[in-house]
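Single-structure report; data block below.
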Amino acid sequence: MKNNFTLVKPGSFEPANHWYPKALNATIHPMVSFFLNLSTDRIVSRYTHLNPMVDAHALHDILTSQNSYFRWAGADLINVTTEKGNKRMVVIENNSCPSGQKSMPLIDDFQEYGSYRRLIEETFIPLLKNKRKSIEGSLAVLYDKNPMEASGYAATIADMMNEPVYYIYMPDSDELESYIRFDDGVLLFYDGTEWITIRAAFRYVTQKPWNRIPLQSKTQILNPIIACLAGGRNKMVAAKAYDLYNTELRPYGLNIYTPETIWDVSKNEIPLWVTKMGGHAVIKIPYSNAGQGVFTITSQEELDAFMERDYDYDQFIVQSLIGNYEWSSVSRHGKYYHVGTIPSTKGHTYVCDIRMMVASTSAGMRPLCVYSRRAEAPLLNDVKGPYSSWDMLGTNLSIKLENNNWGSDTNRLMLMDRRDFNKLGLGLDDLLEAYIQSILSMKAIDNMAKQLTNSKGQFRSKLFKSLNDDNRLIQEIKVK
């Protein structure tokens, strides 16, 4: 690494550099492979057979349409049930620029690029063929974390395009201005000798990307920043996007399932909403990710600890808590609780989630990767046991290290391989449900992004402010 960049040349892709060792050496579970290779027609046929109130034509249209802004997403879902055994997949959030490739066993042992290649060939490269928006220049991958995956995309693009790719570290730092700038919407990068024009960039910048990358960019960027503000990195607007889209979906028998969500909550109001949810709730800073800014509340002590802290933003969301049946929130939808993993040999069930990575292609929406993460501690009947509620419920693997670096707790990673998949207790229809929920939530955010952009491609700042009236956030946004 020199001057915060590497020039990645064609022929440099090495699988060992872009997968966790346990994933690189794993054999994909046959059921997961079967799911990933299902055609859209077969998915629609099976899903509507199990859900006869769903309009097959409407679902087919959704799955075969293309997104305008939010073209690459990773939904986090949990498998829940009620006391009557009614199971469903619930969307916790849908992320722009998600991780997943390094945790996914190869679908075909002879395709060493895995889904890196599918995403680049079917979603990124088509952006470059848009002559109306094309400019002359080089290609780049921008990242602020997850170098294992980000560098995999850089090497894949270099091979697929047969040209060098600038692999550029882009942290939230004052030093950034010395080698990154936007001139009239064009991304320029200083390589130590000259300023290089970047015609298109694959973005893996996840921490407040709107304060470094402008909303209006002539350089093609996947995903553009508007996808983040519309819900891909903004849980506040995402909740509203889901609500609006559900109104459109209702006549077709479709619905995005989420925890009950209260938005636009000031800090002082939080105790009132927690009480309304029976003393059990989840509080989220809407613009955080990687497991940061999420607080599970199951006791007065946990609530007091939250209220004593200071936060960077003025607005929060409060959601119903899904835990053990004995201590889940009671919402208007009833009481959901975690299905969890198959009990271990010690009789322990663990909370786990499902990450479903999906992409918009010329043929419509397609699944790319699936993996799971489990909580650190087993799910107990008594929330006042030896573990904190976060230890029992938190599944994110990201660990914040010193010097603003990130690591991962891979011990809790559960692969879609022959060994781990069986522990999840999932079937093919559960994967289909997770996929449909991922696509619907992705479509909702893309629709919101379109609403926040006028006919000239400009950001509708007044509309955004009406949806997300948080001055601290608005001051961070780089429009041009």
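Tally Lys and Arg at +1 and Asp and Glu at -1 over the other residues with C-beta under 9 Å from the C-beta of I213: what net charge comes out?
Here the count lands on +3.
Which of (1) 134; (2) 149; (3) 157 is the computed volume of the Cα convex hull per residue in Å³ for the structure on display?
The calculated read-out lines up with (2).
Cβ neighbours within 10 Å, averaged per peptide: list 193-206, 342-355 in order, most packed at the top.
Sorting 193-206, 342-355 by mean packing, highest first, produces 193-206, 342-355.
How far apart, in nm, are the 7 Å Cα→Cβ label points at A363 and N25?
Taking the simple label geometry, A363 and N25 are separated by 3.4 nm.
Report the net charge of residues surrounding I28, where surrounding means a beta-carbon distance below 12 angstrom and charges are Lys +1, Arg +1, Asp -1, Glu -1.
Numbers: positive: R418, R419; negative: D108, D109, D417, D420.
Charge balance in the 12 Å sphere: -2.
Which value at 222 nm does the chain reach when only helices count, each DSSP H run of 4 or more adding -39,500 (n - 2.57), with the total divided by all residues and rounded to the nearest 500 deg cm²/dmol? Could the numbers behind the result be given before it?
Values: 15 runs with 132 residues, N = 480.
Counting only the DSSP helices, I get -7500 deg cm²/dmol.
Can you tell me, using C-alpha contacts under 8 Å and at least 6 residues apart, the relative contact order of the chain as a whole percent?
Contact order relative to length: 22 percent.
Only residues of the stretch 436-462 count here: report those whose backbone N is under 12 Å from the spot 7 Å along Cα→Cβ of E248, or say none.
440-452
Assuming R0 = 41 Å, can you tell me the calculated FRET efficiency for the pair T193 and S68, based on Cβ-Cβ distance, to the nearest 0.05? Kindly include the intermediate steps, with their values, before the conclusion.
Details: r = 37 Å, r/R0 = 0.91.
Efficiency, rounded to the nearest 0.05: 0.65.
Choose one of N324, I92, H18: the residue whose Cα lies farthest towards the positive end of the charge dipole of the chain (beta-carbon charges +1 Lys, Arg; -1 Asp, Glu; about the Cα centre).
In the chain, that residue is I92.
Could you pull out every whole DSSP H run in the chain that spans at least 18 Å of Cα extent along its own axis and averages -1.0 or higher on the Kyte-Doolittle scale?
Going by DSSP H runs, the hits are 147-161, 235-249, 428-451.
Could you list the residues of the stretch 207-223 with an amide nitrogen less than 18 Å from a label point located 7 Å from the Cα of D174 in the Cα-to-C-beta direction?
Output list for this probe position: 211-212.
Can you tell me the order of 105-116, 273-284 when each peptide is scored by its average per-residue count of other Cβ atoms within 10 angstrom, highest first? The partial results should precede the final answer.
On the way: 105-116: 17.2, 273-284: 19.9.
Highest to lowest by the protection proxy: 273-284, 105-116.
Roughly how many whole Å is it from the C-alpha centroid of the stretch 433-467 to that of the stretch 75-107?
Rounded to whole Å, the Cα centres lie 21 Å apart.
May I ask you to list the aspartates and glutamates whose Cα is less than 20 Å away from that of K22, ignoring any residue fewer than eight positions away on the same chain?
Reachable aspartates and glutamates: E14, D108, D109, E112, E149, D353, E376, D409, D417, D420.
Report the percentage of all Cα-Cα pairs in the stretch 172-252 whose separation exceeds 17 Å, rounded to a whole percent. Spell out each step's value before the answer.
Numbers: 1801 of 3240 pairs.
Cα-Cα pairs of the stretch 172-252 separated by over 17 Å account for 56 percent.
Taking other Cβ within 10 Å of each residue's Cβ, how do S45, S99 sort, fewest first? Intermediate values should be presented prior to the final figure.
On the way: S45 13, S99 23.
Lowest count first: S45, S99.
List the residues, sorted by chain then number, that are 5 or more residues from V141 or on another chain and whose placed amide H is less than 5 Å from its amide H.
Y166, Y167, I168, F202
In nm, give the distance between the simple-model label positions of E308 and L127, each being 7 Å from the Cα along the Cα-to-Cβ direction.
Taking the two extended label points, one gets 4.5 nm.
Let me check I've understood the local charge: for L463, count other residues with C-beta under 13 angstrom from its C-beta, Lys and Arg +1, Asp and Glu -1. What total comes out?
On the way: positive: K240, K450, R460, K462, K465; negative: D469.
That works out to +4.
If you put +1 on each Lys and Arg Cβ and -1 on each Asp and Glu Cβ, how big is the dipole of the chain around its Cα centre, in Debye rounded to 20? List each step's numbers first, then the result.
Values: 53 positive and 53 negative charges, 205 e Å.
Charge dipole of the chain: 980 debye, to the nearest 20.
Considering only lysines 8 or more places apart in sequence, or on different chains, count the pairs in the stretch 249-385 whose C-alpha atoms sit under 24 Å apart.
Close lysine pairs under the 24 Å cut-off: 9.
Sort 304-310, 60-66 by the packing proxy (mean of other Cβ within 10 Å over each peptide's residues), most packed first.
Sorting 304-310, 60-66 by mean packing, highest first, produces 60-66, 304-310.
Readers should treat all values here as calculations from the given coordinates under stated rules, not as data from a laboratory. Just so it is clear, the model here is predicted, and its values are computed rather than measured. Positions of Cβ are generated from backbone atoms using ideal geometry, with glycine treated the same way; all protein chains shown enter the neighbour counts.
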